[in-house]
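What follows is a short report on a single structure.
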Amino acid sequence: MKRIKIEKILTDGKSMLLAYDQGLEHGPVDFNTRNVDPNYILYIAMHGRYNGLILQKGIAEQYHEHYHKKIPLIVKLNGKSNIPRIFPIAKQMCSVKKAVDLGADAVGYTVYVGSPLEPDIFKEFGEVQEEAHDYGLPVIAWMYPRGRYVSNDTSTSMLAYAARQGLELGADFIKIKYNDNPEEFKWIVRCAGNTKVMVAGGKKIDDLSFFTKVKNIMGTGVSGLAVGRNVWQHDTPMKVTAALKKIIFENSSVENALKMMK
């Protein structure tokens, strides 16, 4: 097995990823006339100097070529739409080899924790993880509790179980939701062991709420955030990016972040 090159998407042990894989599952509901254009998001990722940009295969194929080696690329290997309301499972649509050919620095895969189709998900993820590691690529697992057996997908016990599953399955990073409880989230991070924890940015909220949330998250021992809508739905995405970087990498205060937005 080759050495896993996790440092490509880290800066001094921390990371800020820009996520733009929502279009497949959410449809165009998240987009407006600006951010519907992938070039707009690629511009933000490059000039904001993000540690990585998360894309599905199609956008990576058609848009990332001109930004190759300028933005670390994370290719999402599986996905689904929200139209058929099937049991929680997202089958692989892109091979690890294709991701490598596209210049990926890491690959991502969603594991639906608690899905009745868990055996299929685990088997496919195991194959993805082994192949990616053969190429030296780190694997980011979206660990999302989902399904009729999951009564609360952000309870501390459920998120801790999801974090532990990510470690046990061999993920190098996990992307997980936040439970709005910094003290309890520290336990969730500990359950992930040596697997690095990235928190999902979630839906667009106001600046004060978002920066406060990020500040609290960074105090729990996580490696960083994978943000999307709170950046590219914002009127001034570059200002948000700069403020976020101050909090994540320099432990800046919420007050200083808000001043940067003026």
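Could you work out the pair-distance distribution P(r) of segment 105-159 from its alpha-carbon pairs, with 10 angstrom bin width and percents rounded to whole numbers?
Spelled out bin by bin, segment 105-159 gives 24, 44, 26, 6 percent.
At a 10 angstrom cut-off on C-beta neighbours, averaged per residue, how do the peptides 176-186, 42-52 rank from highest to lowest?
Descending mean neighbour count gives 42-52, 176-186.
So what is the 222 nm mean residue ellipticity for the chain from helices alone, if each DSSP H run of at least 4 adds -39500 (n - 2.57) and you divide by all residues, rounding to the nearest 500 deg cm²/dmol? Please report the intermediate quantities before stating the final value.
Values: 11 runs with 105 residues, N = 262.
My calculation for the chain gives -11500 deg cm²/dmol from helical runs alone.
Can you list the lysines whose alpha carbon sits under 17 Å from that of K98, skipping same-chain ones fewer than 8 residues off?
In chain and number order, the partners are K57, K69, K76.
On a full-extension model of 0.36 nm per residue, what is the gain between E61 and V36, subtracting their alpha-carbon distance, rounded to one decimal in nm? Display every interim value, and only then the final one.
Values: separation 25, 0.36 × 25 = 9.00 nm, distance 1.65 nm.
Fully extending the segment from E61 to V36 adds 7.3 nm.
What are the chymotrypsin sites (Phe, Trp or Tyr not before Pro) within segment 86-167 that DSSP puts in a loop, where the Cβ has at most 15 other Cβ atoms within 10 Å? Don't skip to the end; give the middle numbers.
On the way: sites: Y109, Y112, F122, F125, Y135, W142, Y149, Y161; in loops: Y135, Y149.
Here the sparse-neighbourhood loop sites are Y149.
Give the label of the value calculated from the structure for Kirkwood radius over Cα pairs in Å, choosing from [x] 19.1; [y] 18.4; [z] 21.1.
Recomputing Kirkwood radius over Cα pairs in Å here picks out [y].
No lab work stands behind these numbers, since they all come straight from the coordinates. Values in this document were obtained by computation on a predicted structure and should not be read as measured data. Cβ atoms come from the backbone with ideal geometry, glycine included; neighbour counts cover every protein chain shown.
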